[in-house]
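The values are calculated or read from the model by the stated rules, or taken from the named source; none is laboratory data. Keep in mind that this is a model prediction, so the values were computed, not measured. Virtual Cβ from ideal backbone geometry, glycine too; neighbours counted across all protein chains shown.
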Amino acid sequence: MKSYILPALRITVASIVLFCIIYTGTIWAIAQLSPNKGQGFITEQNGIKQYADVGQKFTNDEYFWSRPSAVDYNATGSGGSNKGPSNADYLTVVQERIDTFMAHHPYVIKADIPSDIVTASGSGLDPHISPKAAFIQVKRIAAVRNLDESKIKALVEKHIEGPLLGMAGTSKVNVLELNLDLNNLK
């Protein structure tokens, strides 16, 4: 019995040291090297603080719409719907999103709707949309705000973030930052 208990205790202590101290300390040290020391990116306007790296819900016609969220933008728990593209419930939800988008954007052809504007991300908290998803909303926002489309297009272009290190990922637009700047546009 002693030959089983002592090795089990050693493995338990070694696992606690490795995973609770060394691993956690390593992740913390890496976070200290990142921008804002791993604390998230907080943006403030008119005394209101918001996290720019967590998706926000924008559904008013005067703003750029965010990517849908499977967790209703609740940052306390991220997650996707876990439903595949052949699931009937999932297809119904996506179709409802397409119908809503088409109702607010009657000038858009259904085939031209970017997928990221009608499907939720894996985390449900993605703060970005594709440049195509931003540009396709320009006409609606210009009409509602009585602004020239070219001004809004220029604003979108200003907010396009290229791929990481110029090669990893795709171009994207942070919706919160774009909408905050949109409020300042005259």
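In the stretch 59-81, the residue that is modelled with the lowest pLDDT out of those that are closer than 23 Å to Ile113 by Cβ and surrounded by fewer than 16 Cβ atoms within 10 Å (Cβ to Cβ) is Gly80. The residues listed here are Asp99, Asp116, Asp126, Asp89; of these, the one that is of a type outside the set (A, V, I, L, M, F, W, C), in contact with a strand residue (DSSP E or B) (Cβ under 8 Å, 6 or more places away or on another chain) and either more than 21 Å from Glu62 (Cβ to Cβ) or not in a loop (DSSP other than H, G, I, E, B) (or both) is Asp116. Output yes when any residue across the stretch 16-29 is at pLDDT below 85, under 27 Å from Gly80 (Cα atoms) and surrounded by 10 or more Cβ atoms within 10 Å (Cβ to Cβ), and no when none is. Scanning the stretch 16-29, I find no residue that is at pLDDT below 85, under 27 Å from Gly80 (Cα atoms) and surrounded by 10 or more Cβ atoms within 10 Å (Cβ to Cβ), so the answer is no.
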